Amino acid sequence: KVLFFSEQHLRHVEKDVLIPKIMREKARERCSEQVQDFTKCCKDSGILMVVKCRKENSALKECLTAHYNDPAFYEECKMEYLKEREEFRKTGIPTKKRLQKLPTSM
C-alpha cells in the first residue's frame, strides 16, 4: 500500500524544530526594540543585570510570547517553511546558500 503525503504534510522535526526556529527568528525581528533595550541594559548593568534589567526582560518575554502563542503567526511561519522546502526540493539548494549566490552588484 502506497501512502500519499501532501506537500503540506509535516514531519515531527519540521513541526517541533524547524518551524519554531523560523518563529524565533521572526519574533526577534518583530521585537527588535525590546531586544535592543534588554541588550543595552545588560551591557550597562554588568553583573547586576539580573536585578536591574527585570523590566526590559519582562517586556522582551511578553513580546516574544505574544508571537509564539499567535496561531496566525505560526501559520505564517509554516507557510514560509513550506515555500523554502518546496524551493529546496526543486533546486536542491538550501535557501541560505541560494541567497548567498545572488550577485551583490549589477
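Please grab the % of Cα pairs in the stretch 49-94 that end up more than 18 Å from each other. List each step's numbers first, then the result.
Numbers: 567 of 1035 pairs.
Of all Cα-Cα pairs in the stretch 49-94, 55 percent lie more than 18 Å apart.
Full extension of the chain segment joining Cys42 with Lys55 gains 3.5 nm, where the gain is 0.36 nm per residue of separation less the Cα-Cα distance. Structure note, pairs Lys15/Lys83; Lys21/Lys52; Lys15/Lys61; Lys21/Lys96: Cα-Cα distances above 20 angstrom occur for Lys21/Lys52; Lys15/Lys61.
Using the Cα gyration tensor of the stretch 12-85, with a ≥ b ≥ c the square roots of its eigenvalues, what is the shape: rounded (a/c below 1.5), prolate (a/b larger than b/c) or oblate (neither)?
Cα axes put the stretch 12-85 in the prolate bin.
Annotation: amide H of Asp70 has no partner in the under-5 Å range at sequence separation 5 or more or interchain, hydrogens built in the peptide plane. Only protein heavy atoms count here; under a 1.4 Å probe, Asp37 has an accessible surface of about 80 Å².
The values are calculated or read from the model by the stated rules, or taken from the named source; none is laboratory data. On a predicted model such as this, the values are computed, not experimentally measured, just so you know. Only protein heavy atoms, including side chains, enter the accessible area calculation; ligands, DNA and RNA are left aside. Shrake-Rupley method; radii C 1.70, N 1.55, O 1.52, S 1.80 Å.
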